[in-house]
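Following: one structure in structure tokens, then a few remarks.
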Amino acid sequence: MYKKKKTEQEPIATEQENAAETASQEATVNAEAEAPPGNELELLRAEAAQSKDNYLRATADFQNFKRRAEKEKADIYKYAGEKLLTDILPIVDNIDRAMSHVPEEEQGGLAEGLRMIQKSLLNLLEKNGVEPIDAVGEVFDPQVHHAVQMVASDEHEAQQVIEEYQKGYKLNGKVIRHSMVKVAE
């Protein structure tokens, strides 16, 4: 009988011990949640500030990416025909060379046909955003001119373009072919 009483009392004592232990754990957790120690509070604040900073950086990076992608897309449309227009430029050069051998006053047949072709090509280029680069008489600019020859000249200022060997062109402000020029020293 003694054993029966003891076994009956043990589960009761164990349940009471478990309840007391659980209550003590809950009290500790509640106490920590209600008022974290100063050091832990500072860590949480620093973590929150870091998370906010990371969020702001990610947002800014995404906005920059979006802007860059839109600019690249606009540039693709803006310069889509660059290759074709660049391939047409030698044809324009050849017609200009042919026109340089035709006297201005000559009318009719071949001369008039060449003038019409030249005008049509220049209109086509202009309509597509291609513009010639001014060279003769300008100050040499390596961004738009390619110096092929430099000569000493008393008639011209230093770094002034004297002669243009090949006309340069820009497409929507971007140089697609540099002017080949002779420059005064």
Ordering of 55-62, 76-83 by burial proxy (mean other Cβ atoms within 10 Å per residue, highest first):
76-83, 55-62
May I have the count of lysine pairs in the range 64-147 with C-alpha atoms under 24 Å apart, counting pairs 8 or more residues apart or located on different chains?
10
Return the Cα extents of the range 79-184 along principal axes one, two and three, sorted largest first, each rounded to a whole Å.
43, 39, 16
Contour minus Cα-Cα span, ILE91 to VAL139, at 0.36 nm per residue, comes to 14.5 nm
Quick numbers on the range 115-162, Rg and Dmax over C-alpha atoms in Å, give 14.9, 41
Cα principal axis extents for the range 64-121, largest first, Å:
59, 15, 14
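Bear in mind that the values in this text are calculations on the coordinates, not laboratory data. Everything numeric here is computed off the predicted structure, so don't read it as measured data. No Cβ is skipped: glycine too gets one built from the backbone with ideal geometry, and neighbour counts run over all protein chains shown.
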